[in-house]
Amino acid sequence: MAIIEIKGLRKSFGKGDKALEVLRGIDLSVGEGEVYGVVGLSGAGKSTLVRCINRLERPSSGQVFIDGKDVMSLSDRQLRDARRSMGMIFQSFNLLSSRTAAGNVAFPLEAAGVDKTLIPARVSELLELVGLSDKAASYPAQLSGGQKQRVGIARALANNPRILLCDEATSALDPQTTASILVLISDIQKRLGLTVVVISHEMQVIMEICDRVAVMERGEVVEEGSVVDVFSSPKHPVTRGFVELILKSGSRFLENGYAPRGRLLRVSLIGEGVQEPFAGELVRLFGLSPVILQAHVDHIKDTPFGTLVIDLLGDGGKAEEAIRWIREKGTAVEVLN
Amino acid sequence: MLLTAQQILMLKKASLETFYMVSVTTALTVLAGVPLGVLLVVMRPGHILENSWAYRVVGLVVNATRSVPFPIFIVFVIPLTRFLVGTSIGSTAVIVPLTLAALVLMARLTETCLLEIPHGVIEAAQSMGASSWRIITRVMLPEALPGLFMAVTIAVITLISYSAMAGMVGGGGLGDLAIRYGYHRYQTDIMWATVILLVVVVQLVQLFGDALVRKFTRR
Ligand SMILES: Nc1ncnc2c1ncn2[C@@H]1O[C@H](COP(=O)(O)OP(=O)(O)O)[C@@H](O)[C@H]1O
Ligand SMILES: [Mg+2]
């Protein structure tokens, strides 16, 4: 069963003529233990969407169910309890500057009314989980961005939530730190069986840790599916834009004045496919000469994902046959000229 | 400049009166002004206890109080002073207008400090299921502590200066002494002594306030 179920969610800011509709009917569901990504350009409404999940934002209409319970129907007290079952981390960390790392992690425990004598042990356990035991007594001002986010994660996990909401959690961090935080989130997710919602404007982040993804544009979900599927055959222009940005290839060869001598192809190889002697087969089976313009292997979570841009030289008829052969194998191929 | 024994006695008495007026009003100002400042923040649209109607009323009352010049204000609140203290004359009676005037200043200064806390920090506390009371007492006030010490320092210094007008209604104090002897009776040495005393006291208050601010600043 879905742990998060969103139905016909709409949200407008302001009233009357000045009303701005930021979410225009969102439907999505996140399964228990899933890492669900929401990607979109800045201003698409991603933060508003995630904030509706723990009701930091009140939806204008539509419903959000957590474990089958409509969050709009909760009393203040029930809402506070529900929020404790959902940790949240933020782009700007939002730590208490007046408290040490340990003090910050203790805050949600105090708020949940945990026995004071049990708090220190739980705090050290959490700091250890995020690899910050040695910084317990440091104030946020003395920590690096990555360390602050680790405190944020420890704090979010304090009350054993089942859901972790991440709103651009790595957007303020450099690439190395981003990678280490993503690894941490991924590890913890597996270890604790958490359901994670990852909001990001970077497809790279989604690729790294998400199982499924929703692509948002102007308050709507324009594409949704497993990350592998969405990534290997993006349908919506916005999705293509994100994918292109990562592959930095494809039509740009043409835009940059490259004159293909044969058929210019972009082939996406997924999983086992990456290990196949792909170019060799084109030579052996069709007598063609593939010129490899770009080859790139990446991972979507744990699945290897390769992209080849090739200029397929040789007999035109044979080339068409080869393209059909590639398609029949179930490999995504795009003819760029 | 040498003062006679009698003048020194007068200075001592006036200093004690000023100390009495300022210390009592400071305590009352902080006790009432900080909560009022908190209200001015949390009742704002989009804040944790949003209530735009009450926010506007409180804001209006605070502004109205702040716009009346202090000497006029003393006279204006005489009926209230009589009701609360039983008389409108003397050091204790002066505490009423002093407190009211300083508390609205304290409320606005508190409001300014609290508004400086990034809203995300408050939202993070909300996302952890903290109640509004906990957010106010464990997030907003501790986060604003250095600014609040600065605000109290400003309030105390303002109170020292306002208390100089206590003489209008027989409240005594250093300012009253300076005006009565230094101005009306041409005893410039008394005038100098009180001015120097006030400068030193204000300086000390500022130094002490700054030290507290530094001690609690973690940014
Ligand atoms: N509290 C608010 N009041 C008015 N407009 C808002 C508010 N919050 C967000 N918006 C607007 O909603 C749109 C979507 O914002 P947001 O959900 O933050 O997008 P994203 O996270 O995808 O960048 C933006 O145009 C933003 O200006
Ligand atoms: Mg955002």
Magnitude of the Cβ-charge dipole (Lys and Arg +1, Asp and Glu -1) of region B:151-219 about the Cα centre, nearest 20 debye, reported as 380
Given 25 °C, 0.890 mPa s and a Kirkwood radius over Cα pairs, the Stokes-Einstein diffusion coefficient of region A:1-124 in µm²/s is 148
Taking every residue of A:92-105, the Cβ atoms of other protein chains inside 10 Å of its Cβ average out to 4
Taking A:59-65, B:179-185 and ranking on average Cβ neighbours within 10 Å, highest first, one gets A:59-65, B:179-185
Taking alpha-carbon centroids only, region B:60-122 lies from region A:35-106 a number of Å equal to 39
Note: A:E32 to A:F13 extended length (0.36 nm per residue) minus current alpha-carbon separation gives 3.7 nm
With x for Gly and Pro, the residue-by-residue ³J(HN,Hα) of region B:91-103, computed from phi through the Karplus equation 6.51 cos²θ - 1.76 cosθ + 1.60 at θ = phi - 60° and given in whole Hz, is 4, 5, 4, 5, 4, 5, x, 4, 4, 4, 5, 6, 5
In whole angstrom, the spacing between the Cα centers of region A:288-319 and region B:124-153 equals 58
Scaled by the rule-of-thumb 2.2 N^0.38 Å, the alpha carbon Rg for the protein assembly as shown gives a ratio of 1.38
Each label sits 7 Å from Cα toward the beta-carbon; between A:E110 and B:V68 the label points are separated, in nm, by 4.0
With the charge dipole of region B:5-214 built from beta-carbon charges (+1 for Lys and Arg, -1 for Asp and Glu) about the Cα centre, the Cα from B:L84, B:A164, B:V68 projecting farthest to the positive end belongs to B:L84
Here FRET efficiency (C-beta to C-beta, A:R162 to B:T112, R₀ 51 Å, nearest 0.05) is 0.80
For chain A, dividing by residue count, accessible area per residue (probe 1.4 Å) in Å² works out to 44
Sorted on mean Cβ neighbours within 10 Å (highest first), peptides B:154-162, A:296-304 come out as B:154-162, A:296-304
So, with points 7 Å from each Cα along the Cβ direction, the A:A141-B:L207 label distance in nm works out to 2.3
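Please calculate how many Å² of accessible area chain B carries per residue, with a 1.4 Å probe and no DNA, RNA or ligand atoms counted. Before the final figure, lay out the partial values.
On the way: 11190 Å² over 219 residues.
Per-residue accessible area for chain B comes out at 51 Å².
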Too long for a 27 Å Cα-Cα cut-off, among A:K46/A:K301; A:K235/A:K301; B:K13/B:K215; A:K7/A:K235; A:K11/A:K69; A:K46/A:K235, are B:K13/B:K215
Mean per-residue count of partner chain Cβ within 10 Å for A:137-145 equals 1
As straight-line cross-link partners of A:K135, the qualifying lysines (C-alpha separation under 17 Å, not fewer than 8 residues apart within one chain) are A:K148
Sequence order, region A:104-112: Karplus ³J(HN,Hα) from phi using 6.51 cos²θ - 1.76 cosθ + 1.60, θ = phi - 60°, Hz rounded, Gly and Pro as x, gives 5, 6, 6, 3, x, 5, 4, 5, 8
Among B:G120, B:V213, B:W133, the residue whose Cα sits farthest towards the positive end of the charge dipole of region B:74-219 (+1 at Cβ of Lys and Arg, -1 at Cβ of Asp and Glu, taken about the Cα centre) is B:W133
The Kirkwood hydrodynamic radius of region A:172-274, taken as the inverse of the mean 1/r over all distinct Cα pairs, in Å, comes to 15.8
The FRET efficiency for A:Y258 and A:V222, from their Cβ-Cβ distance with R0 = 25 Å and rounded to 0.05, is 0.25
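For region B:5-214, what is the convex hull volume of the alpha-carbon atoms per residue, in Å³?
Normalising the Cα hull of region B:5-214 by residue number yields 120 Å³.
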Karplus-derived 3J(HN,Hα) from phi for region B:59-73 (6.51 cos²θ - 1.76 cosθ + 1.60, θ = phi - 60°), whole Hz, x at Gly and Pro, runs x, 5, 4, 4, 5, 4, 4, 6, 7, 7, x, 4, x, 5, 4
Total charge of the residues flanking A:R51 in space, meaning their Cβ is under 11 Å from its Cβ, with Lys and Arg +1 and Asp and Glu -1, is +1
Rounded to the nearest 100 Å², the accessible area hidden between B and A, summed over both chains at a 1.4 Å probe radius, is 1900
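Mean separation of Cα pairs under 8 Å and 6+ residues apart, divided by the residue count of chain B: what relative contact order is that in percent?
That works out to 28 percent.
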So for region B:127-219, using the alpha carbon gyration tensor with a ≥ b ≥ c as root eigenvalues (a/c under 1.5 gives rounded; past that, a/b versus b/c decides prolate or oblate), I'd call it oblate
Which residues qualify? For A:A169, with a placed amide H closer than 5 Å and at least 5 residues away or on another chain, they are A:I199
Projected onto their principal axes, the Cα atoms of region A:248-335 stretch, largest extent first, over whole-Å spans of 38, 31, 17
Spelling it out for A:S60: with amide H atoms placed in the peptide plane at 1.01 Å from N, the residues 5 or more places away or on another chain with amide H under 5 Å from its amide H are A:R10, A:K11, A:S12
For peptide A:72-85, the mean count of other chain Cβ atoms within 10 Å per residue Cβ is 2
Shape descriptors of region B:7-68 over alpha-carbon atoms, Rg and Dmax in angstrom, are 17.9, 58
Spelling it out for A:I270: with amide H atoms placed in the peptide plane at 1.01 Å from N, the residues 5 or more places away or on another chain with amide H under 5 Å from its amide H are A:G306
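Rounded to a whole number, what % of the accessible area of region B:5-214 do carbon and sulfur atoms account for, probe 1.4 Å?
It is 71 percent, rounded to a whole number.
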With -39,500 (n - 2.57) per DSSP H segment of 4 or more residues and division by the full residue count of the protein assembly as shown, the 222 nm estimate, nearest 500 deg cm²/dmol, is -16000 deg cm²/dmol
Classified through the alpha carbon gyration tensor (a ≥ b ≥ c as square roots of its eigenvalues; rounded if a/c is under 1.5, else prolate when a/b is larger than b/c, else oblate), region A:31-71 comes out oblate
Percent antiparallel among DSSP beta bridges confined to chain A, rounded to 5, stands at 70
Using alpha-carbon positions, the gyration tensor of region A:50-175 gives root eigenvalues a ≥ b ≥ c; with a/c under 1.5 called rounded, otherwise prolate if a/b exceeds b/c, else oblate, the class is oblate
Most packed first (mean Cβ within 10 Å per residue), the peptides A:8-21, A:86-99 order as A:86-99, A:8-21
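The values are calculated or read from the model by the stated rules, or taken from the named source; none is laboratory data. Predicted model only: the values in this text are computed from it and were never measured. All Cβ positions, glycine included, derive from the backbone under ideal geometry; neighbour counts span all protein chains shown. SASA here: full protein model, heavy atoms, side chains in, ligands and nucleic acids out. Shrake-Rupley method; radii C 1.70, N 1.55, O 1.52, S 1.80 Å.
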